[in-house]
Amino acid sequence: MDSERVGRAVDQALLPIVASLGSWGVVDGHWLPDRDGHPVVWLRTRSEAQRQALSGQVWLLPQVQVTLTRLGVPHEVVWPLRLELTSDEAERRLLAD
């Protein structure tokens, strides 16, 4: 699967990923490829407390990987996936400094 098709598949998977994590405070998600072209998925919560609570959940990365796989992202792309979390609160604080 070429990188453009992988990108579209990851983009399409972000909406259900964000929706499924809404009760944990997730309000947004996006992805960027790393230096090797593997996707890094970024999820944003409303508060820093929500980010910390979610980051401690052992099921989070597997859930994101399963959703990506079910929506057509190849296993060789999903397996090395990195997941990063941020929060609106932390981003506002960073920009205010």
Among helices (runs of 4 or more DSSP H) entirely inside the range 16-97, those with 2 or more residues being modelled with pLDDT of 90 or more and under 10 Å from the mean Cα position of the chain (by Cα) are 60-70
Given the condition touching a His at 6+ places or on another chain (Cβ under 7 Å) and β-branched (V, I, T), answer yes or no: does some residue in the range 78-87 qualify?
no
Cβ contacts < 8 Å: first residue within 17 Å of V40 (Cβ to Cβ) and free of Cβ contacts under 8 Å to residues at least 40 places away in the same chain, restricted to the range 77-97; second residue surrounded by 12 or more Cβ atoms within 10 Å (Cβ to Cβ) and of a type outside the set (G, A, S), any location; separation 6+ or different chain. Result?
V78/Q65; V78/L68; V78/T69; W79/Q65
Are there any pairs with C-beta distances below 9 angstrom linking a residue in the range 1-29 that is within 11 Å of V73 (Cα to Cα) to a residue that is of a type in the set (D, E, K, R) and not in a strand (DSSP E or B), with the two at least 6 apart or on different chains, and if so which?
M1/E76; A13/R70
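Rundown of residues vs (1) exposed (fewer than 13 other Cβ atoms within 10 Å of the Cβ); (2) of a type in the set (D, E, K, R); (3) without any contact (Cβ under 8 Å) to a residue 12 or more places away in the chain, yes/no style:
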site	(1), (2), (3)
V40	no, no, no
L43	no, no, no
R51	no, yes, no
G56	yes, no, yes
P62	yes, no, yes
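The values are calculated or read from the model by the stated rules, or taken from the named source; none is laboratory data. Note that this is a predicted model, so its numbers are computed, not measured. No Cβ is skipped: glycine too gets one built from the backbone with ideal geometry, and neighbour counts run over all protein chains shown.
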